């Protein structure tokens, strides 16, 4: 499709336009995952328009005690403290020797944790931490990365091999890193449910320089288009901040169920750029070119 077809996205109208038959391509997904919905469904356009909650296998059951305590706490800041204490105790983040760390261990990465991985992602989403996080999305949601230091279209190609190598190095010597991400995502969903009851979407923005760098799947007419996003993507809650990162601003209505982390979830995390980290897939998008846009948030 000619990239000019996506110029001038102006409206979000999921209730007046029919769902186009635009599935998540097979090359962008695995046949199995560890989530309550398969990748073919949660990664598709219909899911963006009509989302339902997602659950990772066994996480709520394994950490039932934490969420019982969170239910009793009205203060979000206190809940965040409880969560971080639970994470530190469960994964021995403050006492790595309890998890088997030895000073003589080769390639030990005792400093690696969910917090450091997110800081690394914010610094360079195509670095080692980005590979680990994209690998977690691949494992849990079944969405394959589409970009990591370069487009990934061939699973035998150099970009995919680099991603696999960094993912492996990033996980080696860490203490159940992907399980830490499981709990962080589940806590994020818990907090969104408490702080935004009834809401299903959030309006987010992404600054871009070249639409040609995105996988544009369709022109829906009326200025709207469909894009296949990377498996994990950063957006900003602020249009003004997004505008600082590109010549154009892409506007997306993101299902809250696909939000992995957001500013304010934990003290000091992702605050600087009002950054949301979001699970990818197929999304309807539009472009903010001139007058300020205020797409409605469904509830």
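Estimated translational diffusion coefficient (Stokes-Einstein, Kirkwood radius over Cα pairs, 37 °C, 0.692 mPa s) of region 107-215: 211 µm² per second.
Most tightly packed first, judged by the mean number of other beta-carbon atoms within 10 Å of their residues, the peptides 277-283, 151-157, 214-220 read 277-283, 214-220, 151-157. For residue 241 and residue 67, the difference between the fully extended length at 0.36 nm per residue and the C-alpha to C-alpha distance is 59.3 nm.
Comparing Cα centroids, region 194-265 and region 145-170 end up 23 angstrom apart. Each peptide in 247-255, 120-128 receives the mean, over its residues, of other Cβ atoms within 10 Å, and ordering these scores from highest gives 247-255, 120-128.
Taken together, the values in this text are just the output of simple stated rules run on the coordinates, not laboratory data. Note that the structure is a prediction, hence the values are computed from the model and not measured. Note that we place each Cβ from the backbone using ideal geometry, even for glycine, and neighbour counts take in every protein chain shown.
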